[in-house]
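Right, one structure below, let's go through it.
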Amino acid sequence: MEACARAARQSVTVALQGNGTMTAKTDRASEALALLAEATHCLHGEQPLQQRMHRLFELLRVSLRFRDARLTCWLQSATPGTVRQQYYSAAGWPYPWDDALTRQVALAGTMETRTIVVSNAAVVDSHLPVAQAAYLGAPIYWSGRLWGVLELRAEHGHSFGPASRELITALLPQLAVAIAQEGQRLPAPPAGASDGETPTGLTLDPRRQRQLVAIDTRLEEMLGVHDLLSLLLRRALESTGAEAGAVALVDHDQGELVLQVYEGYPDERWAGLPAQSRQRLSWEAGLAGRAARLGRALLIRDVTLQPAMLPAGYGARAELAAPILVDGRAAAVIVLDSPRSNAFGEEELAFVRALCDRAAHPLRRAIHYQDALESANFLGQVFASLPTGLALLDSNGKVLRANPAWYALFGLNGHSRTPFHVSLDLVETLLPRLQEPLTLTEFCTSGQRTPSQSRLLRMRLVNPTQELQVLSVPTYDSQQQVTGRLWAVSDVTREGEAERLKTEFVSIVSHELRTPLTSILGYTELLLNREFTADERRQFISTVYVEASRLSQLVEDLLNFSRLEAGKVVLNQWVTSLNSIVAELTTQLHTQLARHKLLLAVAPNLPPAHIDRDKVKQIIFNLLTNAIKYSPNGGEIALELHEARPEQLPADHPPGRFVLIGVHDQGIGIAPEDLARIWERFYRVDNTNTRRIGGTGLGLSISKALVELHGGRIWAESELGSGSSFYFTLPVASEQARQAS
Ligand code: ADP
């Protein structure tokens with residue numbers, strides 16, 4: 001590193017010795033780097049700053065070609081609060097420096113290049129004419145503090161271009177270090193030296209000092225970000241006399257200001273925004289954004305003199321912005337506006353900076369508090385809206401907190417009893433509904449016996465039927481001590497139902513397959529091995545035929561069921577006469593009806609229906625075969641078809657014209673508790689009769705789905721031991737459909 005710097009210094013020296021200027025042959029970038037290295041070397045040394053600055057100016061003068069230069073700095077001694085203003089200049093021009101301009105650059109906070117007028121007004125008989133000059137002023141900021149201002153002046157016609165500005169910018173941090181080092185050398189201040197001076201050389205007047213002390217106590221009391229920033233803004237407005245102001249939080253990730261509070265702006269600036277709007281603004285525009293990005297206070301005395309800095313068009317002439325620094329970067333920024341030019345000066349700037357310094361700690365605390373509040377609020381919302389029931393219990397089983405789903409799942413809606421002990425209150429409340437009351441008690445007590453173990457319980461409830469799964473896991477504090485339990489409860493009725501269906505499906509299908517297959521195999525084997533009479537053969541073969549039809553029906557039912565479940569069944573609806581379907585079916589069922597008497601009652605004026613012929617045939621076939629199957633002792637089976645009268649239909653039946661089809665038998669009947677469930681998939685009434693008769697429990701659920709696809713309804717009436725009646729409706733074909741067909 002040192003070798004590099006030495007080489008760079010040598011190359012500059014060679015260049016300087018060669019012809020007094022940097023040679024055009026040398027690469028520009030490496031020239032600049034070499035110059036920078038040399039300048040850095042000048043600045044880092046043990047000599048007094050005076051000497052180091054002298055060397056630096058001489059070095060820079062070669063490439064920047066200025067007439068004179070000056071460093072104004074505010075040296076801070078090791079003793080806090082002691083500041084001394086000091087100038088270091090490179091002579092070259094008899095024109096005096098303009099201190100007002102220096103301060104303006106310091107307050108604007110950014111490097112300035114412009115043309116200025118220089119004169120020697122102090123010397124009346126000066127032979128020097130008033131002249132124009134190029135000017136460059138650069139404030140030296142480091143770590144949010146102003147250390148000094150570096151200024152260069154050159155003959156008119158010369159300008160400080162991008163390369164010069166780049167070089168000066170690179171030097172600024174080094175200058176800050178040099179100034180800081182010089183400050184450390186300052187002797188201790190004499191007793192009674194004034195306190196409270198800011199780097200800009202300002203002392204706050206006693207009234208403002210008192211205001212600051214008073215606000216300190218108020219700020220310490222504030223916990224909410226909004227309250228704190230409102231107070232800050234109000235005090236800033238009162239003390240500076242600003243007509244309007246705002247405070248925004250700074251979002252460094254997005255590069256945006258998030259407006260928190262504002263006061264005094266004419267409506268159109270914040271038109272449509274509620275008073276506490278969190279409107280976001282890019283920090284690229286405006287003085288506030290700049291102050292936030294740079295992390296230091298900025299002042300514009302009169303925007304008309306700095307058109308580039310023109311804020312929003314709401315008539316402000318003077319603007320002041322100051323950041324509140326938390327952990328080294330701007331957490332918030334306060335901006336004050338006034339329509340009066342020069343409304344703010346260094347006094348106001350110093351006051352607002354001091355105010356922001358005092359707000360830093362309370363703001364950090366308030367932001368943390370707000371973050372904690374927001375995440376608690378977020379978690380609370382998640383907790384409250386989860387469909388899984390959640391309850392936090394202490395180690396005695398007392399509910400500390402539970403979400404609405406927890407109460408709802410146990411059917412405890414509107415429950416307000418506190419404290420609530422799960423082991424007592426829950427078991428007691430659920431007792432009439434629990435199928436096995438002891439399991440829940442055992443679950444609670446074993447959880448308390450072994451507090452660090454997780455447990456899982458599935459419990460069945462009746463009236464209404466419900467299956468709940470309870471997962472109970474231990475909860476821990478930050479010291480890893482068990483504090484209680486978290487219960488997560490979910491309704492698994494559907495899953496339980498699906499499992500039951502699966503088991504039933506497997507057992508029914510295997511039974512329904514095995515029975516006919518055994519007969520088919522048995523009879524065919526007999527026929528192959530022995531000789532039988534023609535009558536015997538006919539009897540065997542007809543049994544094989546019946547059993548094979550049963551198998552085919554099973555396969556048919558399963559296929560229909562799966563297609564309906566997948567929503568793949570599309571109706572092929574036509575205007576159809578139901579008489580023809582009835583005629584086909586009675587012929588088809590002739591053999592099965594040998595032991596029964598079939599009565600047909602078809603209304604003479606039966607209107608045609610708008611239906612899928614095959615599907616309707618399948619529905620009536622199902623109902624008729626059920627009527628045959630479930631009246632094993634014979635009896636009458638009636639099939640009636642007529643146009644439905646409204647009073648014959650259930651209350652929730654859709655409006656319109658419908659054909660009503662009824663199938664009546666005098667069979668075994670259905671008990672009331674089974675009547676509601678016969679439409680469920682795989683549901684079979686469990687009694688000796690049905691077990692002997694056989695079936696899949698799919699026929700009625702398929703029929704129901706097909707009727708509803710047509711827009712009709714299906715229902716049943718029955719009395720155990722006396723027979724059953726099944727009804728369903730189909731839409732009558734409209735006049736339009738009839739004409740179209
Ligand atoms: P499956 O007849 O194949 O068992 P279904 O879905 O057609 O299946 O019928 C479901 C249950 O409804 C039957 O198992 C039976 O218990 C009952 N059921 C259906 N129709 C009748 C009826 N006409 N008489 C008595 N019970 C019936």
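The table that follows gives values for the structure above.
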read-out	value
The one condition in (1) surrounded by 21 or more Cβ atoms within 10 Å (Cβ to Cβ); (2) more than 8 Å from the ligand (Cβ to nearest atom); (3) charged (D, E, K, R) that residue 719 fails to fulfil	(1)
Residue 552 vs. criteria surrounded by 12 or more Cβ atoms within 10 Å (Cβ to Cβ) and assigned to a helix (DSSP H, G or I)	no
Filter result for residue 517 (surrounded by 12 or more Cβ atoms within 10 Å (Cβ to Cβ), modelled with pLDDT under 90, assigned to a helix (DSSP H, G or I) and touching a Leu at 6+ places or on another chain (Cβ under 9 Å))	no
Meets criteria (of a type in the set (Ser, Thr, Tyr) and within 13 Å of the ligand (Cβ to nearest atom)) for residue 591	no
Contacts under 6 angstrom Cβ, first residue in region 714-725 being outside any strand (DSSP E or B), partner more than 9 Å from the ligand (Cβ to nearest atom), 6 or more apart	720/671
Selection from region 275-310 of residues that are under 21 Å from residue 106 (Cα atoms), at pLDDT below 80 and either crowded, with 20+ Cβ neighbours inside 10 Å or among the hydroxyl-bearing types (Ser, Thr, Tyr) (or both)	304
Qualifying residue in region 685-708 (condition: more than 12 Å from the ligand (Cβ to nearest atom), closer than 19 Å to residue 659 by Cβ and not hydrophobic (A, V, I, L, M, F, W, C))	yes
Test: residue in region 229-252 that is farther than 20 Å from residue 324 by Cβ and at pLDDT 85 or above	yes
Helices (runs of 4 or more DSSP H) contained entirely in region 399-481, each with at least 3 residues that are hydroxyl-bearing (Ser, Thr, Tyr)	437-449
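The values are calculated or read from the model by the stated rules, or taken from the named source; none is laboratory data. Given the structure is predicted, the values throughout are model-derived calculations rather than measurements. Quick reminder, even Gly has a Cβ in these numbers, built from the backbone with ideal geometry, and neighbours come from all protein chains shown.
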